[in-house]
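Trainee: I have a structure here, written as structure tokens, and I will follow up with some questions on it.
The values are calculated or read from the model by the stated rules, or taken from the named source; none is laboratory data. What you see is a predicted model; the values in this text were computed from it and never measured. We place every Cβ from the backbone using ideal geometry, glycine too, and count neighbours over all the protein chains shown. Ligands, DNA and RNA are excluded from the accessible area calculation, which covers all protein heavy atoms including side chains. Shrake-Rupley method; radii C 1.70, N 1.55, O 1.52, S 1.80 Å.
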Amino acid sequence: MNLTNAVALVTGGSGGLGSRVCSFLAVEGADVAVAFNRGKERAEAVCEQIEAQGRRAIAVRVDQVDPLSIDTAVAHVAKQLGALDILVNNAAMAMGGHSVSPGELEKFTPEIWDEMMAVNLRGPFLVTRAAAPHLRKSKWGRVVNIGSTLGHGDWYQDRAFAPSKAAVIPLTRFLAASLAPDVTVNCVSPGLMIETGLGSGGSEELVQGWRNRAALQTTTSIDDVAAQVIRFCRASTITGQSIVIDGGIHFQ
């Protein structure tokens, strides 16, 4: 599938992975809506980079725990850019400013649980639901969810955000079945990317732990993840699939 003149919406588009995905989409010839919640200046900087690549770009605020904010943003993108062909559900939270050490179940309060599920699981569902009419109208709609390697094995399962990220995998299957045959839905599940907030903010001990665990003795390449998003967008007969990119921590 040729992505030239396609219109893409990338949630969390101002972050490390999101901005890389936006850039890769622009290289493929797509126009991009860079969705943000609090990083307006970063989103606008990403838009400038996309425009420098010769494509159209707009920054749009999305609070993905608020259905009205989502509906408004999706409608704005479709109106301003003329269509919506691709949705990348990248926005997520790791800890959201909360401090919960591994195994401290008592500190993992119902409020923190609800917030993580609202952002990491309910959010992608709501954004996809709002985008669905536009994706169907395009006749070749694509949804790519960003999950996590944590959903594919038994390592790091004591992290507070693991359940919400793991749940993105069955969500992908549900959406793929619900939107077929008009729209494909797939998932990319990365390991630790040092270019993202979680990777750059982690200790050397944390980063080395990921390297030691991986068969390839490395962290995850952010470019490999962004490139896989593009592959799913270009593919016409793949749906309901999740691929792990983690340097060989989990084999599928």
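Matching residues to (1) of a type in the set (S, T, N, Q); (2) part of a loop (DSSP other than H, G, I, E, B); (3) surrounded by fewer than 17 Cβ atoms within 10 Å (Cβ to Cβ):
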site	(1), (2), (3)
PRO170	no, no, yes
VAL188	no, no, no
VAL207	no, no, yes
ILE230	no, no, no
GLN252	yes, yes, yes
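Trainee: I'm checking my understanding of the structure. Among residues of region 56-112 that are at pLDDT below 90 and of a type in the set (A, V, I, L, M, F, W, C), which one is farthest from ILE146 (Cα to Cα)?
Mentor: Result: LEU105.
Trainee: Could I ask something else about it? For region 50-73, how many residues are touching a strand residue (DSSP E or B) at 6+ places or on another chain (Cβ under 8 Å) and open to solvent by 80 Å² or more (accessible area, probe 1.4 Å)? Steps first, please.
Mentor: Going residue by residue through region 50-73, those that are touching a strand residue (DSSP E or B) at 6+ places or on another chain (Cβ under 8 Å) are 50-51, 55-62, 69, 73.
Filter again for open to solvent by 80 Å² or more (accessible area, probe 1.4 Å), leaving 51, 56, 61.
Within region 50-73, residues that are touching a strand residue (DSSP E or B) at 6+ places or on another chain (Cβ under 8 Å) and open to solvent by 80 Å² or more (accessible area, probe 1.4 Å) number 3.
Trainee: Filter region 59-74 down to residues that are more than 18 Å from the chain's Cα centre (by Cα) and among the aliphatic types (A, V, I, L, M), then give me how many there are.
Mentor: The qualifying residues number 1.
Trainee: What about THR11, is it within 21 Å of VAL183 (Cβ to Cβ), among the hydroxyl-bearing types (Ser, Thr, Tyr) and open to solvent by less than 60 Å² (accessible area, probe 1.4 Å)?
Mentor: Judged against the criteria, THR11 is a match.
Trainee: Open to solvent by less than 20 Å² (accessible area, probe 1.4 Å) and in contact with a strand residue (DSSP E or B) (Cβ under 9 Å, 6 or more places away or on another chain): is that true of LEU192 in this structure?
Mentor: No, not satisfied.
Trainee: Quick check on region 138-162: of everything there that is in contact with a helix residue (DSSP H, G or I) (Cβ under 9 Å, 6 or more places away or on another chain) and without any contact (Cβ under 8 Å) to a residue 12 or more places away in the chain, which residue is surrounded by the fewest Cβ atoms within 10 Å (Cβ to Cβ)?
Mentor: Step by step, filter region 138-162, then rank; the result is GLN157.
Trainee: Right, here's the next one. Quick one: which residue in ALA73, ALA92 is in a helix (DSSP H, G or I) and in contact with a helix residue (DSSP H, G or I) (Cβ under 9 Å, 6 or more places away or on another chain)?
Mentor: Exactly one of ALA73, ALA92 is in a helix (DSSP H, G or I) and in contact with a helix residue (DSSP H, G or I) (Cβ under 9 Å, 6 or more places away or on another chain), namely ALA73.
Trainee: A follow-up question, please. Quick one: which residue in ALA180, ALA215, ALA226, ALA235 is crowded, with 22+ Cβ neighbours inside 10 Å and either modelled with pLDDT of 95 or more or among the basic types (Lys, Arg) (or both)?
Mentor: Working: ALA180 fails: crowded, with 22+ Cβ neighbours inside 10 Å; ALA215 fails: crowded, with 22+ Cβ neighbours inside 10 Å; ALA235 fails: crowded, with 22+ Cβ neighbours inside 10 Å.
From the options ALA180, ALA215, ALA226, ALA235, the qualifying one is ALA226.
Trainee: State whether the residues of region 32-41 include one that is out of contact with any Asp or Glu (no Cβ under 8 Å at 6 or more places or on another chain), over 27 Å from TRP140 (Cα atoms) and small (Gly, Ala, Ser).
Mentor: Within region 32-41, one or more residues are out of contact with any Asp or Glu (no Cβ under 8 Å at 6 or more places or on another chain), over 27 Å from TRP140 (Cα atoms) and small (Gly, Ala, Ser).
Trainee: In the set THR4, THR109, which member is surrounded by fewer than 18 Cβ atoms within 10 Å (Cβ to Cβ), without any contact (Cβ under 8 Å) to a residue 12 or more places away in the chain, out of contact with any strand residue (DSSP E or B) (no Cβ under 7 Å at 6 or more places or on another chain) and over 23 Å from ALA176 (Cα atoms)?
Mentor: THR109
Trainee: In addition: In the set LEU135, LEU87, LEU121, which member is surrounded by fewer than 22 Cβ atoms within 10 Å (Cβ to Cβ), of a type in the set (A, V, I, L, M, F, W, C) and not in a loop (DSSP other than H, G, I, E, B)?
Mentor: The conditions single out LEU121.
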